[in-house]
1. Please go through the range 84-101 and give me each residue that is of a type in the set (Gly, Ala, Ser) and surrounded by fewer than 17 Cβ atoms within 10 Å (Cβ to Cβ), ordered by number.
2. Find all pairs meeting these conditions: Cβ atoms under 7 angstrom apart; at least six residues apart or on different chains; first residue within the range 75-89 and within 13 Å of Val25 (Cβ to Cβ); second residue among the aromatic types (Phe, Trp, Tyr) and within 13 Å of the ligand (Cβ to nearest atom).
3. Evaluate the following for Gln126: is it over 30 Å from Pro91 (Cβ atoms) and polar (S, T, N, Q)?
4. Taking the range 106-131, which residues are in a helix (DSSP H, G or I) and under 26 Å from Met158 (Cβ atoms)?
5. From the list Val56, Val60, Val34, exactly one residue is outside the structural domain of Val161 (by TED's automatic domain parsing) and touching a Gly at 6+ places or on another chain (Cβ under 6 Å). Which is it?
6. Here are some residues: Ile76, Ile127, Ile104. Which one is in the same structural domain as Glu9 (by TED's automatic domain parsing) and either surrounded by 18 or more Cβ atoms within 10 Å (Cβ to Cβ) or closer than 30 Å to Ser186 by Cα (or both)?
7. Could you list, in sequence order, all residues of the range 63-73 that are within 16 Å of the ligand (Cβ to nearest atom) and either assigned by TED's automatic domain parsing to the domain that holds Trp103 or touching a residue at least 60 places away in the same chain (Cβ under 8 Å) (or both)?
8. Determine, yes or no, whether Leu31 is touching a residue at least 60 places away in the same chain (Cβ under 8 Å) and surrounded by 19 or more Cβ atoms within 10 Å (Cβ to Cβ).
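The values are calculated or read from the model by the stated rules, or taken from the named source; none is laboratory data. These numbers were taken from a predicted model, which means no experiment stands behind them. Glycine gets a Cβ as well: all are built from the backbone with ideal geometry, and neighbour counts include every protein chain shown.
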Amino acid sequence: MSRNERNMEEVKVIGFWTSPYVYRVTWALKLKGVEYEYQEEDIWNKSDLLLQYNPVHKKVPVFVHGGKTIVESGIILEYIDETWPQNPLVPTDPHARAMARFWIKFVGDKMKNFQGFFFKRAGEEQIKAAKEAQEYLKILEDHGPEEKKFFDGDNIGMTDVSMGWLAFWLEAMEEASGVQVLEANSFPRLHAWIRNFKQVPVIKENHPDHTRLVAYFKPLREKFTKPATT
Ligand SMILES: N[C@@H](CCC(=O)N[C@@H](CS)C(=O)NCC(=O)O)C(=O)O
């Protein structure tokens, strides 16, 4: 099968509306202008289809192209960029590519450290977790774009879409928990990046609704922070 024929095959994304990992994939497809079918999954009541498509991790996103399945958002992003080379999402320079991969992995691996404060009850534990989140945010701040608009340069790229949770999800978690970690004074580069990111038409037109996200997070937080009954 030629590359052209393969590219024309049906693309499907199985996702869940609150998932920043799913948005990584749908943003990338939209930035490339690739048509796809979206199927909503309930991650709290997983379908047989999800278990069949992703038997190892049982998570979304699941990406299906021409009947072949790929899971793990970072791997899906690379596949998308290789399969549809228009509007490249990673730099061509091998070192810059390696660095982009490093940051994407860092953000994915450390998600628990960034979000810990949200899952802690008010008090010492929460203060500690908020400080930890800020230490990790500081790492991104120091690496963040100084002269360029985006992590990946002058144009939005794979690192930017992978950091997208900072722009929408973190804000909703802060509101739902009443704890602010990403203060404008301490994180000026990240705030500038968020403004630039939100102005990209594909992002502006496709993101989870803030009010709906806060309403989803509030009971979730209550569930996780409820004192254990004996
Ligand atoms: N490393 C995975 C993480 C995906 C992930 O954590 N997905 C969540 C939704 S945000 C999920 O499906 N959770 C269901 C579960 O953990 O059972 C990726 O990058 O795709």
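1. Ala96, Ala98
2. Short answer, once both residue conditions are applied: Ile76/Phe63.
3. Taking the combined requirement at face value, the residue satisfies it.
4. Phe106, Val107, Gly108, Asp109, Met111, Lys112, Asn113, Phe114, Gln115, Gly116, Phe118
5. Only one candidate qualifies: Val60.
6. Working: Ile127 fails: in the same structural domain as Glu9 (by TED's automatic domain parsing); Ile104 fails: in the same structural domain as Glu9 (by TED's automatic domain parsing).
So the residue among Ile76, Ile127, Ile104 that is in the same structural domain as Glu9 (by TED's automatic domain parsing) and either surrounded by 18 or more Cβ atoms within 10 Å (Cβ to Cβ) or closer than 30 Å to Ser186 by Cα (or both) is Ile76.
7. Result: Ser73, single match.
8. Yes; evaluated as a whole, the condition is true for this residue.
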